[in-house]
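Worksheet: one structure, shown below.
The values are calculated or read from the model by the stated rules, or taken from the named source; none is laboratory data. This is a predicted model, so every value here is computed, not measured. In this analysis, Cβ positions are derived from the backbone assuming ideal geometry, glycine residues included, and neighbour counts consider all displayed protein chains. Ligands, DNA and RNA are stripped out before the accessible areas are found, and what is left, the full protein with its side chains, is counted by its heavy atoms. Shrake-Rupley method; radii C 1.70, N 1.55, O 1.52, S 1.80 Å.
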Amino acid sequence: MVNGDHRGEGYGIPTRGMIDTVRRVARTEGVLLDPVYSGKAFAGLLHDIEANVYKPGDNVLFVMTGGTPALFAYRETFEN
């Protein structure tokens, strides 16, 4: 399922959900999501999971293809 609700104002423009998700996943899982694609997509996935879009026991696959270097371009976004 593709849902554009978490895309925000546009390509490369940070959203609060993306920032919170990138920090959460780094802190809890040690995985660095990129802020342009994976961060926003994973924010949407977490939202859907927390909103019970998926039933307990459903198989969910999230494929992250990289992009960690993009975090350096968003240094100011994650400084606080």
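Structure above, values below:
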read-out: Solvent accessible area, Å² - residue 42, 1.4 Å probe, full protein context; value: 40 Å²
read-out: Reference-scaled alpha-carbon Rg (2.2 N^0.38 Å with N residues) for the chain; value: 1.08
read-out: Extension reserve of the residue 73-residue 28 stretch, reckoned as 0.36 nm per residue once the Cα distance is removed; value: 13.9 nm
read-out: Between helix 16-29 and the chain: long-axis angle, C-alpha atoms, 0 to 90°, nearest 10; value: 80 degrees
read-out: Electrostatic dipole magnitude of the chain [Cβ: Lys, Arg +1; Asp, Glu -1; Cα centre; debye, to 20]; value: 80 debye
read-out: Zero-based 10 Å bins, Cα pair distances in region 1-48, whole percents; value: 31, 58, 11
read-out: Semi-axis lengths, Å, region 40-80, gyration tensor of Cα atoms, sqrt of 5 times eigenvalues; value: 28, 13, 6
read-out: Nearest-ten-degree value, helix 38-50 long axis tilted from longest Cα axis of the chain; value: 30 degrees
